[in-house]
Amino acid sequence: MSDAGLGPSVGWSGALELRIAVKKSEIRKAQKLRYKIFFEEGGATPDPKAALTRRDICRFDKICDHLIVIDHMARNRFGQNKPRVVGAYRLLRQEVAQAHFGFYSAQEFDIGPLLARHPQSRFLELGRSCVLAEYRGKKTIEMLWRGIWAYVKHHRIDAMIGCASIEGTDVSLIANQLSFLYHFSQAAPEWQTSPLARRHTEMNRVSKGDVDVKKALASLPPLIKGYMRVGAKFGNGAVVDRQFGVTDVFVVMPISEIETRYIEYFDEDAAAIVKAA
């Protein structure tokens, strides 16, 4: 890590450890997990290097912090104990992004105006979220979010941003979900962002009155619904990512707008203050 005082071990839950990766071997394990989830499970198309190494390799990995969950009681196919990375999130702070080659999401979305409207704010980009199938329960997800919140507090972050994906590249098949986000969960003007002009895909595909809200909520990916629960909003316009077989939307979560009950839940200090009061 570039800033001491947080981690590398952030916390434990039974045999699961939440930590900030500090070794190249830990990042490689996160990349292997991402390959399994995105390419083997999700059907994304790997480039030759990824296919050869069976790792989701990205140039941004070198400048990001990697929040990982390790199962220290995991066993290999021979029954021997072999700790494995079972969950991961990639974190990129604004000052780090600006010192190198920007935010990852800037490859799809025009985020310059958003940053310019908030010159005193510190932004954190979340990305490459994944959890191994058999660990996709409440415990692992909550560990990752507690780690994110600890990171946000430590680095005095004002807003979290990133891309979230809806499976599929035929927007006519996900018109209801996109229209729901457009009509019911769009960011306020001061937090608004749109795709780069050459990559823009319209989200307003169904009139507000014709959106099947119940169906949209049921069919949205768990990650997007999780973001919505904590108070996230979405940009105006989507981007079709054919390599990964998904359609991306821009997510923004100003810390001041995250619902108090979630701050209390993920922040042990805040929870203790509330209980004491």
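Of all residues in region 248-263, count the ones that are hydroxyl-bearing (Ser, Thr, Tyr) and touching a residue at least 24 places away in the same chain (Cβ under 8 Å).
In the first step, residues of region 248-263 are kept if they are hydroxyl-bearing (Ser, Thr, Tyr); the result is 256, 260, 262.
Keeping just the survivors that are touching a residue at least 24 places away in the same chain (Cβ under 8 Å) gives 256, 262.
Going through region 248-263 one residue at a time, the tally reaches 2.
Considering only residues that are open to solvent by 30 Å² or more (accessible area, probe 1.4 Å) and not small (Gly, Ala, Ser), which ones fall in region 96-117? Before you say what the answer is, go through the steps one by one.
If we filter region 96-117 for residues that are open to solvent by 30 Å² or more (accessible area, probe 1.4 Å), which is where we start, we get 98-101, 104, 106-107, 110, 112-113, 115-117.
Passing the criteria: Gln98, His100, Phe101, Tyr104, Gln107, Asp110, Pro113, Leu115, Arg117.
Given (1) more than 20 Å from Val249 (Cβ to Cβ); (2) open to solvent by 10 Å² or more (accessible area, probe 1.4 Å); (3) modelled with pLDDT of 95 or more, where does Leu132 come up short, assuming only one miss?
(2)
Look at Ser13 and say whether it is in contact with a Leu (Cβ under 9 Å, 6 or more places away or on another chain), hydroxyl-bearing (Ser, Thr, Tyr) and exposed (fewer than 14 other Cβ atoms within 10 Å of the Cβ).
On the way: in contact with a Leu (Cβ under 9 Å, 6 or more places away or on another chain): no; hydroxyl-bearing (Ser, Thr, Tyr): yes; exposed (fewer than 14 other Cβ atoms within 10 Å of the Cβ): yes.
Answer is no for this residue.
Of the residues that sit in region 203-221 and are assigned to a helix (DSSP H, G or I), in contact (Cβ under 8 Å) with a residue 24 or more places away in the chain and closer than 27 Å to Cys130 by Cβ, which one is most open to solvent (accessible area, probe 1.4 Å)?
Among them, the one singled out is Lys215.
What pairs come out if I take residues in region 183-202 that are among the aromatic types (Phe, Trp, Tyr) and pair them with residues that are part of a loop (DSSP other than H, G, I, E, B) and open to solvent by less than 80 Å² (accessible area, probe 1.4 Å) whose C-beta lies under 9 Å away, six or more apart or interchain?
Matching pairs, first to second residue: Phe184/Val211; Trp191/His118.
Among the residues of region 69-95, which ones are surrounded by fewer than 19 Cβ atoms within 10 Å (Cβ to Cβ), on the phi < 0 side of the Ramachandran plot and not polar (S, T, N, Q)? Full working, then the answer.
Filtering region 69-95 down to residues surrounded by fewer than 19 Cβ atoms within 10 Å (Cβ to Cβ) leaves 72-84, 95.
Then drop every residue that is not on the phi < 0 side of the Ramachandran plot, which leaves 72-78, 80-84, 95.
Selection gives His72, Met73, Ala74, Arg75, Arg77, Phe78, Lys82, Pro83, Arg84, Glu95.
Go through region 223-243 and report how many residues are in a helix (DSSP H, G or I), without any contact (Cβ under 8 Å) to a residue 60 or more places away in the chain and either hydroxyl-bearing (Ser, Thr, Tyr) or open to solvent by 70 Å² or more (accessible area, probe 1.4 Å) (or both).
1
List every residue pair whose Cβ atoms sit under 7 Å apart, with the two residues 6 or more apart in sequence or on different chains, where the first one lies in region 141-155 and is farther than 15 Å from Leu223 by Cβ and in contact (Cβ under 8 Å) with a residue 60 or more places away in the chain and the second, anywhere, is aromatic (Phe, Trp, Tyr) and open to solvent by less than 40 Å² (accessible area, probe 1.4 Å).
These pairs meet every condition: Arg146/Phe266; Trp149/Phe266.
The values are calculated or read from the model by the stated rules, or taken from the named source; none is laboratory data. Just so we're clear, the structure is a prediction, and the values are computed from it rather than from any experiment. So basically every Cβ, Gly included, is an ideal-geometry build from the backbone, and we count neighbours across all protein chains shown. For accessibility, only protein heavy atoms count, side chains too; no ligands or nucleic acids. Shrake-Rupley method; radii C 1.70, N 1.55, O 1.52, S 1.80 Å.
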